[in-house]
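As structure tokens, the structure follows; a few thoughts come after it.
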Amino acid sequence: DAMVIQNPRYQVTQFGKPVTLSCSQTLNHNVMYWYQQKSSQAPKLLFHYYDKDFNNEADTPDNFQSRRPNTSFCFLDIRSPGLGDAAMYLCATSRAGSGANVLTFGAGSRLTVL
Amino acid sequence: AQTVTQSQPEMSVQEAETVTLSCTYDTSESDYYLFWYKQPPSRQMILVIRQEAYKQQNATENRFSVNFQKAAKSFSLKISDSQLGDAAMYFCAYRSATGGATNKLIFGTGTLLAVQP
């Protein structure tokens, strides 16, 4: 089945130790998104790729970076995780275009910072 | 800027009963899309139902239906004949129709629905 796969599902890191979360998709969607979801808060868009074009949200900290080496993969790099970065990170994909195109989400990667 | 508000952090419903989840939003736009997404525990978020703002008719998907009140900027979700599998976090989301080629969703804070057997 076509889907969005996130790895790892659970990641524990130490304060300041870099971490990379990955997302892969078999849907051939040209847009990929990274959302941060903290407990009891709305998912917050960090950035998205439209094909190879990177679009950063204005309030996304510099500590968060992303790479998209090809259509199928997208990575979220947190250069120096702080305690406040503990959250669920959601990857989503969509086919670009107007209309109510639906986002397809992965199951998320839960990050714990010690 | 657009905002989405879900005023019910938690709701509970008995199996086979009906429950309504509330959502209000704020926008100055006239053309947009509204969505309800379901996020089961430890599982991926999936689309439940969507509504185009230009359509007056309320969307329906099997046991799920919405009450879209454009003037009141209200978009509630009704779940009929609730099942144990409906237990999840439900997010209301907004997308501008003029958002360009990508779909940037604005989410509410979610409503955690419990279904009692």
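When the surface is traced with a 1.4 Å probe over the full set of protein chains, A:ASP51 keeps roughly 80 Å² accessible. With Cα atoms as the point set, the stretch B:3-116 shows a radius of gyration and Dmax of 13.6, 42 Å. On a straight-distance basis, which aspartates and glutamates could pair with B:LYS73 in a cross-link, Cα separation under 15 angstrom, same-chain partners fewer than 8 positions away excluded? Counting by Cα, and skipping residues close in sequence, B:LYS73 has these aspartates and glutamates nearby: B:ASP26, B:GLU29, B:ASP31, B:GLU52.
With +1 on the Cβ of every Lys and Arg and -1 on the Cβ of every Asp and Glu, and nothing else charged, how large is the dipole of the stretch B:3-116 about its Cα centre, in debye rounded to the nearest 20? Don't jump to the answer; show the numbers that get you there.
Numbers: 10 positive and 10 negative charges, 57 e Å.
About 280 debye.
Think of each Lys and Arg Cβ as +1 and each Asp and Glu Cβ as -1; about the Cα centre, that makes the dipole of the protein assembly as shown roughly 340 debye.
Across chain A, the convex hull enclosing all Cα atoms gives 105 Å³ per residue. Straight-line cross-link reach from B:LYS78 at under 29 Å between alpha-carbon atoms covers these lysines, not counting any fewer than eight positions away in the same chain: A:LYS38, A:LYS44, B:LYS38, B:LYS55, B:LYS70, B:LYS104. Here A:THR104 sits with roughly 40 square angstrom of accessible surface, probe radius 1.4 Å. Estimated from the Cβ-Cβ distance and a Förster radius of 22 angstrom, the FRET efficiency linking A:ASN28 and A:ASP53 is about 0.85. Between the alpha-carbon centers of the stretch A:30-83 and the stretch B:1-76, tell me the distance in whole angstrom. Comparing the Cα centres of the stretch A:30-83 and the stretch B:1-76, I get a distance of 25 Å. Here chain A is treated with +1 on each Lys and Arg Cβ and -1 on each Asp and Glu Cβ, and its dipole about the Cα centre works out to around 220 debye. Pairing chains A and B buries close to 1900 square angstrom of accessible surface in total, based on protein heavy atoms and a 1.4 angstrom probe.
Remark: the stretch A:55-64, residue by residue, has Karplus-estimated 3J(HN,Hα) of 10, 8, 6, 4, 9, 7, x, 4, 4, 9 Hz, where x stands for each Gly or Pro and the curve is 6.51 cos²θ - 1.76 cosθ + 1.60 at θ = phi - 60°. Between B:ASP81 and B:ARG43, the distance separating the two model label sites (each 7 Å from Cα on the Cα→Cβ line) works out to 1.9 nm.
The values are calculated or read from the model by the stated rules, or taken from the named source; none is laboratory data. Keep in mind the model is a prediction, meaning the values are calculated, not measured. Because the Cβ atoms are built from the backbone with ideal geometry, glycine has one as well, and the counts that use them run over all protein chains shown. The protein model used for the area step is the full one, side chains on, heavy atoms only, and it has no ligands, DNA or RNA in it. Shrake-Rupley method; radii C 1.70, N 1.55, O 1.52, S 1.80 Å.
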